[in-house]
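The structure under discussion appears below in the form of structure tokens.
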Amino acid sequence: MFTYTIKRLLQSLIVVWAAVTLMFALFFIIPGDPISLKSGEKSLPPGILANITAKYGLDQPTYVQYFRFWGHLFKGDLGYSYKNDKSVNTILHDGLSTSARLLFWGALLQLIIALTVGLTSAIKRGSLGDRIGTIFTVGIQGIPVFVSGLLAQYLFGVLPFQMHWDWLNFFKPWPQSWTAGVIPTDSWKGIILPALVVAVVDAAFIARMLRSSLLEVLRADYIRTAFAKGLSARRVWFHHALRNAMIPVVTVYGTSLIAIFGVAVQTEKVFSLPGMGSTIADSALSQDAPVVLGLAIVVIAFGAVVNLVVDLSYALIDPRIKIDSKAVH
């Protein structure tokens, strides 16, 4: 187990290095000049232009800039924005705090919705609840985030306000005070709608995956044997069937945690949240390489950690799975 963990960790580091290197190279392939961020449409005198170029090290060969970038990165320094000379560490800290909280609650709601709908549909197969769950999971996947976000704002914001149903109005400002970093202590309703919009898209797919996996497991011989031995339905469902059905679900959930970041960015734009949504768009369009690279490092590292945790969780979910480095190819 230890050897396998180290091997997977090294593989993750290689993936992070390759992905960041590719992102770095793209900024030298894409046409454009980041120095134009300083001047806009005005032309700068040659002396000022040379000073700005030297300040950011853009007068150095590409390989020198590349190694200098990694040298600063190992020190925890992501550099400064070409656009406003602001520290990239500060920009990411300000924006990622909102995005991280939205991701946390979105992922939590996603898991709750997926388990509830998936289990209900599998246990009550063919029932009205199963049909409603199937319609929900199929229909919700076809709705774009910007549509579901605007629809949620109307149904749980505009409409309750017009009908004077304040108890149903969840279109509130984003919380400003937090406990333990993720628990809102004021305006807690402000996090419900954005988190719900983030959660529902992949929750629908995970619920369908859980339903299919559970129905397949229930056809296994050991499940029939468990019922024949007189075990309660609850014990068979949750102790035997669910644990074995969770293997593919955990894989899909881990993948969705990485993809959910893109959904969160769109949601921030729809709800005008002070997260990374606008920062990503503005920095990419203006070729503000330090900001985009800093954000890419965070996302890529997060994805590598999630994949590693998913791989290691298989043995915890199903004790029959033994992780042996000699058996891993």
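Values quoted throughout were computed directly from the atomic coordinates according to the rules given, and no laboratory measurement underlies them. From a predicted model like this one, the values you see are computed outputs, not experimental measurements. Neighbour counts are summed over all protein chains in view; Cβ atoms, including those assigned to glycine, are modelled from backbone coordinates with ideal geometry.
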Practice problem: For a quick protection proxy, order the peptides 115-125, 132-142 by their average other-Cβ count within 10 Å, most packed first. | Solution: 115-125, 132-142
Self-check item: Furthest towards positive pole of dipole, HIS239, VAL250, VAL309, structure part the chain, Cβ charges
Solution: HIS239
Quiz item: In whole Å, what three semi-axes, largest first, describe the equivalent ellipsoid of the stretch 42-162 built from its Cα gyration tensor (square root of 5 times each eigenvalue)?
Solution: 51, 20, 14
Exercise. Determine the calculated [θ] at 222 nm for the chain from helices alone, applying -39500 (n - 2.57) to every DSSP H run no shorter than 4 residues and normalising by the residue count; nearest 500 deg cm²/dmol.
Key: -22500 deg cm²/dmol
Quiz prompt | Test item: Cα-centred dipole of the stretch 78-203, Lys/Arg +1 and Asp/Glu -1 on Cβ, debye | solution = 200
Quiz prompt | Rel. contact order, % - alpha carbon contacts under 8 angstrom, at least six apart, the chain | solution = 27
Quiz item: When averaged across all projection directions, what area in nm² does the alpha-carbon convex hull of the chain cover?
Solution: 23.1
Quiz item: What's the extension gain from THR179 to VAL64 if we count 0.36 nm per residue and subtract their Cα-Cα distance?
Solution: 37.0 nm
Self-check item: Relative packing of 170-178, 282-290, which averages over residues the other C-beta atoms within 10 Å, highest first
Solution: 282-290, 170-178
Exercise. With 24 Å as the limit, write out which pairs from LYS172/LYS269; LYS86/LYS189; LYS189/LYS269; LYS83/LYS189; LYS83/LYS269 have Cα-Cα distances beyond it, or answer none.
Key: LYS86/LYS189; LYS83/LYS189
Exercise. Could you pull out every residue, at least 5 positions away or on a different chain, whose amide H is within less than 5 Å of the one on TYR80? Hs are placed 1.01 Å off N in the peptide plane, and Pro or chain starts have none.
Key: VAL88
Quiz item: Under a GNM of the chain (C-alpha, springs under 10 Å), which listed residue has the highest mean-square fluctuation: LEU22, LEU108, LEU308?
Solution: LEU22
Exercise. Run the quick spin-label model on ALA54 and LEU10: label points 7 Å from Cα toward the beta carbon, then report their separation in nm to one decimal.
Key: 4.4
Self-check item: Relative contact order [Cα under 8 Å, 6+ residues apart], the stretch 90-285, whole percent
Solution: 32
Practice problem: Quick one: dipole size for the chain, taken about the Cα centre, charges +1 on Lys/Arg Cβ and -1 on Asp/Glu Cβ, in debye to the nearest 20. | Solution: 1260
Quiz item: Using a simple spin-label model with points 7 Å from Cα along the Cα→Cβ vector, what separation in nm is obtained for ILE135 and LEU150?
Solution: 2.5
Self-check item: Centroid-to-centroid separation of the stretch 260-307 and the stretch 143-179 [C-alpha atoms, Å]
Solution: 24
Practice problem: With just the Cα atoms of the stretch 69-115, tell me how far they stretch along each of the three principal axes, in Å, largest first. | Solution: 44, 23, 12
Quiz item: What are the trypsin sites (Lys or Arg not before Pro) within the stretch 155-255 that DSSP puts in a loop, where the Cβ has at most 11 other Cβ atoms within 10 Å?
Solution: ARG219, LYS229
Exercise. For an R0 of 41 angstrom, estimate the FRET efficiency from the Cβ-Cβ distance between MET23 and ASP221 and round to the nearest 0.05.
Key: 0.25
Self-check item: Alpha carbon convex hull of the stretch 90-285, volume per residue in cubic angstrom
Solution: 150
Practice problem: Taking H placed 1.01 Å from N in the peptide plane, check which residues at least 5 places from TRP178 or on another chain put their amide H under 5 Å from its amide H. | Solution: THR185
Quiz prompt | Extreme residue, positive dipole direction of the chain, given options GLY230, GLY76, LEU92 (C-beta unit charges) | solution = GLY230
Quiz item: Along the charge dipole of the chain, which of ILE135, GLY294, TRP178 sits closest to the positive end, that is, farthest toward it, with unit charges on the beta carbon of Lys, Arg, Asp and Glu (+1, +1, -1, -1)?
Solution: ILE135
Quiz item: Which stretch or stretches of the stretch 124-156 have amide N atoms under 17 Å from the point lying 7 Å from LYS189's Cα along the Cα→Cβ direction?
Solution: 152-156
